[in-house]
Amino acid sequence: MGNLSDYLLGVNQRELERLQFQHSVWGPVTRRFFERLGAGKGWKCLDVGAGPGFVSNDLRQLVGQEGEVTALEPSELYLNWFKDSVSKKGWTNVKFVRGTAEQAPLPSRYFDLVFARWVIAFVPDPDLFLSRLVASMRVGGIIAFQDYYYEGLSLFPCGGAWDRMPDVVRAYYRSGEGDAFITGRLPAMFANHGLKLIDFTPTCLAGGPGSPVMEWAHQFFSIHTQHMVEKGIITQDEADALQSDWEAHRRNPNALFFSPLVVDVGGLLQL
Ligand SMILES: C[S@@+](CC[C@H](N)C(=O)[O-])C[C@H]1O[C@@H](n2cnc3c(N)ncnc32)[C@H](O)[C@@H]1O
């Protein structure tokens, strides 16, 4: 993708707040991934598709004053939001690059860690995306993705309209030229780019009505189901049926929501 206007989820204040809440739910999974990768003081990190910088913020805390974090993000709204928050903290070792991974100028053989959460599933040419990022890593550096392998999403009790939702979301991603199964392709892509696979860890979060993970899903579907109708992926009647099955589960104290699999994929750049 060369253009922000192609980005499926869109950029606006409501989506920014959704991303913020999302980080409160999934941030612990991301931080455990960084721990396994050994990221720490002094590392130079690139956060690709940083959004409003929630992961960049965590990375800055991890690398300290002696490290460095670069937030790469095409949206001005998100980047400015993060710039404000960094300047309030007085941090001097955070850099901001406005642009896409495919087009932005990036230093060559520089970063110890290149990270992208929920970005590569949206891009039409993941191989180009990956090759630009690999060129910015030092040899011995790590690249790490967190993204979907879009299985697992479900509501219990099953049997209602919502059972179709995984297919609907996969079609939503395809409509933006993305791939909701992208993490399944990454090990082979890593091998083609001289990256040794060092981590491949799927996570499914689950919870009932009122749990953070079910609220996370509620926010996503409240915003994006209507967008799916506008894109012709589902009809308004189908959207209404999905919504009423979802609401019935939210009222059922014994219901359970299972998230789609989010897979941590880590690669080491070899000589
Ligand atoms: C779902 S958001 C995730 C934001 C952040 N990574 C997080 O986990 O909170 C995806 C972000 O990727 C950005 N993005 C989309 N296409 C991109 C590309 N080709 N290169 C870099 N960033 C991109 C969007 O502007 C958006 O901020």
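Taking Leu197 as the residue in question, decide whether it is surrounded by 17 or more Cβ atoms within 10 Å (Cβ to Cβ) and either within 21 Å of Phe122 (Cβ to Cβ) or modelled with pLDDT of 95 or more (or both). First the steps, then the outcome.
Working: surrounded by 17 or more Cβ atoms within 10 Å (Cβ to Cβ): no; either within 21 Å of Phe122 (Cβ to Cβ) or modelled with pLDDT of 95 or more (or both): yes.
In short, no.
With respect to being farther than 30 Å from Phe258 by Cα and surrounded by fewer than 17 Cβ atoms within 10 Å (Cβ to Cβ), Arg109 fits the description.
In region 146-158, is there at least one residue being at pLDDT 95 or above, hydrophobic (A, V, I, L, M, F, W, C) and not in a strand (DSSP E or B)?
From region 146-158, those at pLDDT 95 or above are 146-158; that's our starting set.
Narrowing the set further to residues that are hydrophobic (A, V, I, L, M, F, W, C) leaves 153, 155-156, 158.
Add one more test, that the residue is not in a strand (DSSP E or B), and what stays is 153, 158.
There is at least one residue in region 146-158 that is at pLDDT 95 or above, hydrophobic (A, V, I, L, M, F, W, C) and not in a strand (DSSP E or B).
Remark: Ser244 matches the filter, which requires a residue to be exposed (fewer than 15 other Cβ atoms within 10 Å of the Cβ), modelled with pLDDT of 95 or more and among the polar types (S, T, N, Q).
Would you call Asp125 closer than 27 Å to Asn252 by Cβ, surrounded by fewer than 22 Cβ atoms within 10 Å (Cβ to Cβ) and either within 15 Å of the ligand (Cβ to nearest atom) or not hydroxyl-bearing (Ser, Thr, Tyr) (or both)? Lay out the reasoning, then the answer.
Values: closer than 27 Å to Asn252 by Cβ: no; surrounded by fewer than 22 Cβ atoms within 10 Å (Cβ to Cβ): yes; either within 15 Å of the ligand (Cβ to nearest atom) or not hydroxyl-bearing (Ser, Thr, Tyr) (or both): yes.
No, not satisfied.
Which one is surrounded by the most Cβ atoms within 10 Å (Cβ to Cβ), of the residues in region 128-142 that are of a type in the set (A, V, I, L, M, F, W, C) and either within 14 Å of the ligand (Cβ to nearest atom) or modelled with pLDDT under 95 (or both)?
Step one: list which residues in region 128-142 are of a type in the set (A, V, I, L, M, F, W, C), which gives 128-130, 133-135, 137, 139, 142.
This time we only want the ones that are either within 14 Å of the ligand (Cβ to nearest atom) or modelled with pLDDT under 95 (or both), so: 128-130, 133.
Working: Leu128: 15, Phe129: 22, Leu130: 25, Leu133: 23.
Out of the qualifying residues, it is Leu130.
If you go through region 57-104 and pick out every residue that is more than 15 Å from the ligand (Cβ to nearest atom), under 19 Å from Leu16 (Cβ atoms) and among the acidic types (Asp, Glu), you end up with 1.
Of everything in region 15-56, what is among the basic types (Lys, Arg) and either within 13 Å of the ligand (Cβ to nearest atom) or within 14 Å of Trp118 (Cα to Cα) (or both)? Give them in sequence order.
Let us first name the residues in region 15-56 that are among the basic types (Lys, Arg), namely 18, 31-32, 36, 41, 44.
Selection gives Arg18, Arg31.
The values are calculated or read from the model by the stated rules, or taken from the named source; none is laboratory data. Every value quoted in this text rests on a predicted model; they were computed, and no experiment measured them. Here the Cβ is made from the backbone with ideal geometry for all residues, glycine too, and neighbour counts use every protein chain on show.
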